[in-house]
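Asks: Please see the structure below; I have some questions.
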Amino acid sequence: MLRRYTLTFVGVLMFASVVCGQKVDPNKYALIINGPGGEPAYAKQFGEWTTQLSKVLAEKFGFGNQNVKVLTEKDATAEEVKRTFATLKAQLDANNVLFVFLIGHGSYDGKEAKFNLVGPDLSATEYNAMLSALPARRVVVFNMASASGEFIKSLAAKGRIVITATRSGQETNATRFAGFFISALTAADADTDQDGHVSVLEAFVYANRLTGDFYKQAGRLASEHAMFDDNGDGVGHDKLEAGEGLLARATYLDSLSGDEAAATAATGKLLKERTRLEAEIEQLIARKANMAEAEYEANLERLFIELAKVNRSIKQAGT
């Protein structure tokens, strides 16, 4: 009996994994620039984050492989960045959404903020010029480098969301926000409003909280404070307030329709219920030696019946 039910819920789990997969959305594009680490430890970390990010965009959020451009550390030169933006300018149209991710180190000399590249760096002003030349109706920029806060002033524009790992150019220590942002993209509880979508705002808030928790748990003074601007005024905020956050809240990394999002949210709750029931079955089996045979069989049958109902609901939601 146990084997039969085990095969049933394993089979449904495999089915649910397929039906919950994201369809490729041809309107979404992503550019990931992996800047030089400077030191082996940073180079390794930036490379891992870049790989993880490109993978989750393709596997979870429906970004087509042909629409995700990655500049690895050895390719991240000013000329290659300019060439990539020129290609995007020719590819994109007004209906597309572009996500730009900068992973690495940054600098600020009191006048100009830059993102570190191999060779000459490009300034925030230069990135703004390249972004402004694009026809895409919406652009989301994640500068997750040190000293990135100054980019908000230069990149702020209508229809553009700018997220930075720091609140100013004076926060120059290596940042950890990128790692926590990637965690936000894969966390089950990142969808805080439970609507089946992960919005840019939700991902930001989740990652910002994890970043703050990291410094608290380490007993260290936080050296990075993430900010965002999405109303074009060039003033960074760390939460939904004063007209900030409305665009970020309505911009999603996934491509689900309203009905699909609702179905995904419902399926997510069912999957959590199934996990709970499976855990109860395991605990019951572990206690079998200390229970009367009749009591054990009755409880096991009850749990398997509940599990079968949940699995049936998951299958119906998928179809």
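Asks: Taking region 90-120 only, how many residues are over 21 Å from Arg176 (Cα atoms), buried (at least 16 other Cβ atoms within 10 Å of the Cβ) and in contact with a helix residue (DSSP H, G or I) (Cβ under 8 Å, 6 or more places away or on another chain)?
Replies: Count: 1.
Asks: Looking at this structure, is Val70 at pLDDT 95 or above, buried (at least 20 other Cβ atoms within 10 Å of the Cβ) and part of a strand (DSSP E or B)?
Replies: Against the criterion (at pLDDT 95 or above, buried (at least 20 other Cβ atoms within 10 Å of the Cβ) and part of a strand (DSSP E or B)), Val70 does not qualify.
Asks: Can Thr264 be described as modelled with pLDDT under 85, in the same structural domain as Glu301 (by TED's automatic domain parsing) and surrounded by fewer than 16 Cβ atoms within 10 Å (Cβ to Cβ)?
Replies: no
Asks: Taking only region 185-214 into account, find how many residues are among the small types (Gly, Ala, Ser) and at pLDDT below 95.
Replies: Looking only at that region, the number is 5.
Asks: Tell me the helices (runs of 4 or more DSSP H) entirely within region 74-185 that contain at least 1 residues that are closer than 22 Å to Glu244 by Cβ and basic (Lys, Arg).
Replies: The helices (runs of 4 or more DSSP H) meeting that bar are 151-155.
The values are calculated or read from the model by the stated rules, or taken from the named source; none is laboratory data. Just so it is clear, the structure is predicted and the values come from calculations on it, not from any experiment. Glycine also receives a Cβ, built like all others from the backbone with ideal geometry; neighbour counts cover every protein chain displayed.
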